[in-house]
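The values are calculated or read from the model by the stated rules, or taken from the named source; none is laboratory data. Since this is a predicted model, take the numbers as computed values, not measurements. Glycine gets a Cβ as well: all are built from the backbone with ideal geometry, and neighbour counts include every protein chain shown. Areas reflect the complete protein model, heavy atoms only, side chains present, ligands, DNA and RNA absent. Shrake-Rupley method; radii C 1.70, N 1.55, O 1.52, S 1.80 Å.
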Amino acid sequence: LAVLQIVKESQQQHGLRHGDFQRYRGYCSRRLRRLRKTLNFKMGNRHKFTGKKVTEEILSDNRYLLLILMDAERAWSYAMQLKQEANTEPRKRFHLLSRLRKAVKHAEELERLCESNRVDAKTKLEAQAYMAYLTGMLRFEHQEWKAAMEAFNKCKTIYEKLANAFTEEQAVLYNQRVEEISPNIRYCAYNIGDQSAMNELMQMRLRSGGTEGLLAEKLEALITQTRAKQAATMSEVEWRGRTVPVKIDKVRIFLLGLADNEAAIAQAENEETKERLFESLLSECRDAIQAVREELKPDQKQREHSLENDSGKVSNIQYLHSYLTYIKLSTAIKRNESMAQALQKALLQPQRAEEDGKRSPRPQDLIRLYDIILQNLVELTQLPGLEEDKNFQKEVGLKTLVYKAYRCFFIAQSYVLVKKWSEALVLYERVLKYAREVQSGAGAHTNSLKELPDVQDLITQVNAEKYSLQAAAILDANDTHEAESPSQVKDGKPLSERFETFCLDPSLVSKQVSLVHFPPGFQPIPCKPLFFDLALNHVAFPPLEDKVEQKAKSGLTGYIKGIFGFKS
């Protein structure tokens, strides 16, 4: 029975790729039911439960071992689900430990059954390693560091031997498990008293860009605890020639870890890890700024009073707030600059067809990033306490010119793609103007510009782009002056109106063929004539007096005859 392979494949295919332990637990339950039905190993019927145990005598099929393995996996997945829920409901931790003990019990039974002569040596070793892994996790949760480290070391040793005994393809799985266990071993060693383990844990966290699983919470708490101890000795910070006392613990912890975080970002191996570390640093910075804001609210009157007394000099707490805001904005600029560099590399690569719905990068994406950077630089110039700092304002101004130059460059690139040659050429000239201003104004601020992109490289690139743009514009102008072939002219008329003209029209064999104008257009038609009787006013009608008189003479007699129906 390939224990580790079965476990890993089941976990990846049924929820653990997204951390959904409840879905994986449901899968384990369904698979157990199917196995019991297939093996006719049911626990009684619907009316009565009859317990059965897998013994060595019935080990005729490896599916009996799989039954116990799935039992252990179901208990383990439930424990991990409860671990997630225990963050908000601490009482569930007791249930978590109970399920882990149940998983260890099933693993012990699996190990005992694998001692049978019917089981091969590889399965025996895998069962022992699985048992040691679950035991180590249980001891880890109980904070029995020595026992946990011994169990994890045993598990690691077995998997390393198995990795050496098989081919490279089979060894990948065992090596992955060893890498998962190593941080837990170092954490246990640190808690036992090995101080050097802390540095190794930090390196592991850096390589992975953050930890996952059992160790994640504990490692973050350990780092915070270590910084908190160091923060007790930190009382002030100096920035731009002014020393400010730091009394807020959260701010002390953040400032102590700032150098470590920046070093971790500089050593990050890939863009994804770097992005995750940037986000973590910005999140910590926002928390520190929020803590300072809470202190600023009750200190509002004192700040106003200090402004009056010190002739515009801001208070210490306000200056600390400005310092933290400067760190946040500078970090955001570095992050966006890092993303811009990654996009520039992607733009230089040959364009591929869009795969999995991902579109290829465009210059417009870079324009957006540089817009955000320029907005952050504007906010830097408005920080309280730095309005009168001429050197600071000059540095920010030079940085603004650099990023404006790059922004103009990529706007020009986007115009080149749509063949707007004159607009692109004007923008290239604007890039050169900004770059020359930076070079002329750098002078004493050369050190502050070291971290920025090199302006001289941009000037060289723009000059090259200008020549290629002019050549492309000339070629495009020549193409537009060439007369098109009559056989390829398409004036948009339907087929019924151009029978006399030969024209190659690919749309005739498509689904949207144009044969006639439909619906047809309106056409003028003659309307029905109108007749006016103009002679009516000049006609003399015959008199009717004689008829009126006869009717009047009939009188009462005619009326009575009419009533009784007599006729004359």
Practice problem: Would you calculate the separation in nanometres between label points at Lys92 and Glu56, each defined as 7 Å from the Cα along the Cα-to-beta-carbon direction? | Solution: 4.2 nm
Quiz prompt | Check: the range 385-475 dipole with +1 on Lys, Arg Cβ and -1 on Asp, Glu Cβ, in debye | solution = 340 debye
Exercise. Work out the charge dipole of the range 56-161 with +1 on the Cβ of Lys and Arg and -1 on the Cβ of Asp and Glu about the Cα centre, then indicate which of Thr88, Ala147, Leu110 is farthest towards its positive end.
Key: Thr88
Practice problem: Can you pull the one-decimal nm distance between simple spin-label points at Lys547 and Thr501, each 7 Å off the Cα toward Cβ? | Solution: 7.3 nm
Quiz prompt | Theoretical FRET efficiency, 1/(1+(r/R0)^6), r = Cβ-Cβ of Arg46 and Lys146, R0 41 Å, to 0.05 | solution = 0.30
Self-check item: Order by protection proxy (mean Cβ within 10 Å, highest first), peptides 498-504, 177-183, 421-427
Solution: 177-183, 421-427, 498-504
Practice problem: Using per-residue counts of other Cβ atoms within 10 Å, averaged over each peptide, order 153-162, 119-128 from highest down. | Solution: 153-162, 119-128
Quiz item: Which whole-Hz couplings ³J(HN,Hα) result when phi for each residue of the range 392-402 is put into the Karplus expression 6.51 cos²θ - 1.76 cosθ + 1.60, θ = phi - 60°, listed in order with x for Gly and Pro?
Solution: 4, 5, 5, 4, 5, x, 5, 4, 4, 5, 4
Exercise. May I ask you to rank Phe522, Phe94 by accessible area, largest first, using a 1.4 Å probe over the protein chains only?
Key: Phe522, Phe94
Quiz item: What FRET efficiency would be calculated for the residue pair Ala464, Gln382, taking the C-beta separation as r and a Förster radius of 45 Å, to the nearest 0.05?
Solution: 0.75
Quiz item: What size of dipole, in debye to the nearest 20, comes out for the range 140-189 about its Cα centre when the only charges are +1 on Lys and Arg C-beta atoms and -1 on Asp and Glu C-beta atoms?
Solution: 180 debye
Exercise. Compute the FRET efficiency between Gln290 and Lys105 as 1/(1 + (r/R0)^6), taking r as their Cβ-Cβ distance and R0 = 45 Å, and round to the nearest 0.05.
Key: 0.45
Exercise. Mind grabbing the accessible area of Tyr326 for me, 1.4 Å probe, Å², rounded to tens?
Key: 60 Å²
Quiz item: Taking the Cα-to-Cβ direction at Arg33 and at Leu374 and moving 7 Å from each Cα, how far apart do the two end points lie in nm?
Solution: 6.2 nm
Quiz prompt | Farthest toward positive dipole pole in the range 385-475 [+1 Lys/Arg, -1 Asp/Glu at C-beta], among Tyr434, Leu398, Ala472 | solution = Ala472
Quiz item: How far, in nm, would the chain grow between Leu452 and Thr243 when pulled straight, counting 0.36 nm per residue and subtracting the alpha carbon separation?
Solution: 72.5 nm
Quiz item: If packing is taken as the mean number of other Cβ atoms within 10 Å per residue, what is the order of 164-172, 103-111, highest first?
Solution: 103-111, 164-172
